[in-house]
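Shown next, in structure tokens, is the structure this report addresses.
The values are calculated or read from the model by the stated rules, or taken from the named source; none is laboratory data. None of these values were measured; they are calculated from a predicted model. Because the Cβ atoms are built from the backbone with ideal geometry, glycine has one as well, and the counts that use them run over all protein chains shown.
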Amino acid sequence: MTQSSLHLPLIPDIGTRPTEDIVRTLRSRGVRADIGCVNWADSYPHAPESYAMLAYDGRSIFVLFAIRPTELRAVATEDLQPVASDTCFEIFLKKAGDTHYCNFEFNYRGITNVSRRPGRAGAVKFTPDKLARILRYPLAAAPLPHESRPADPADEVALLTVIPLSLIAVDSSDRFPLLLEGNIYSCSDGSNAPYFLSWAPVSTPAPDFHRPDFFAPIILDDNE
């Protein structure tokens, strides 16, 4: 069932831990966002199980994305390429009241495409130095280079990402709990069975994730 809001727990020391411990902590103490809204079921009914586990440490948001795909696609090999055609995870975020949001998009190998924008138009791509600040840890056993292939739906593919809050205009003057707005997506428009899934519902005639009018509250709580 889709949640109307997400409350991210504060875990102050999560960023000091080894990757494996971060993943275990997110699975046990993070908040789960099921990415299960099939908003365009008539045209795109395919819905592989997808979810994200989230927390933050006061400086960054930690997101563990996961999917049980029927197909794995990893064609994009460099940042700022169109990863939405691959097996893709996305989180769009903005501080409440901001006129712009950031679309963080990743294929499951950790290749990312990020912009700051007011909507579908007007995107300003992140610079290489900003992209380098977004940590990415592919957790698939054997990430694919330049190809796509069938996958076993029994196998879960996961990606850990760490997004500095400063990239979404959160600064030292902000106080917690802090209200953000956004949505979380799982998609692959280049797959043999394309899918376009979201955490919060999107009510548009055709797939369109760049709709901040359908963002939902994402709260950074001030306790664990």
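What the table shows:
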| read-out | value |
| --- | --- |
| Residue within segment 73-82 that is under 20 Å from W199 (Cα atoms) and surrounded by 15 or more Cβ atoms within 10 Å (Cβ to Cβ) present | no |
| Residue match in segment 113-125 (condition: in contact with a strand residue (DSSP E or B) (Cβ under 8 Å, 6 or more places away or on another chain), under 19 Å from S50 (Cα atoms) and surrounded by 15 or more Cβ atoms within 10 Å (Cβ to Cβ)) | no |
| Filter result for S148 (buried (at least 16 other Cβ atoms within 10 Å of the Cβ), within 20 Å of E181 (Cα to Cα) and among the small types (G, A, S)) | no |
| Any hit, segment 120-134, residues being in contact with a helix residue (DSSP H, G or I) (Cβ under 7 Å, 6 or more places away or on another chain), within 23 Å of R59 (Cβ to Cβ) and not in a loop (DSSP other than H, G, I, E, B) | yes |
| Every residue from segment 63-105 that is at pLDDT 95 or above, assigned to a strand (DSSP E or B) and of a type in the set (A, V, I, L, M) | V63, L64, A66, I67, I91, L93 |
| Flag if D208 is surrounded by fewer than 16 Cβ atoms within 10 Å (Cβ to Cβ), charged (D, E, K, R), free of Cβ contacts under 8 Å to residues at least 40 places away in the same chain and over 20 Å from D57 (Cα atoms) | no |
| Lone unmet requirement of (1) free of Cβ contacts under 8 Å to residues at least 40 places away in the same chain; (2) crowded, with 19+ Cβ neighbours inside 10 Å; (3) among the β-branched types (V, I, T); (4) within 22 Å of D174 (Cα to Cα) for T99 | (2) |
| V162 assigned to a strand (DSSP E or B) and of a type in the set (A, V, I, L, M) | yes |
| Residue list for segment 7-28, filter: free of Cβ contacts under 8 Å to residues at least 24 places away in the same chain and either surrounded by fewer than 12 Cβ atoms within 10 Å (Cβ to Cβ) or part of a helix (DSSP H, G or I) (or both) | T16, P18, E20, D21, R24, S28 |
| Criterion violated by S148 - all others in (1) modelled with pLDDT under 95; (2) in a loop (DSSP other than H, G, I, E, B) satisfied | (2) |
| Exclusive hit being buried (at least 18 other Cβ atoms within 10 Å of the Cβ), under 14 Å from the mean Cα position of the chain (by Cα) and outside any strand (DSSP E or B), set G190, G110, G182 | G110 |
| Output for segment 193-202, where each listed residue is under 12 Å from C88 (Cβ atoms) and surrounded by 23 or more Cβ atoms within 10 Å (Cβ to Cβ) | Y195, F196, L197 |
| Residue among R149, R109, R133, R175 that is touching a residue at least 12 places away in the same chain (Cβ under 8 Å) and more than 23 Å from N192 (Cα to Cα) | R133 |
| Residue within segment 54-62 that is farther than 26 Å from P153 by Cα, in a strand (DSSP E or B) and of a type in the set (G, A, S) present | yes |
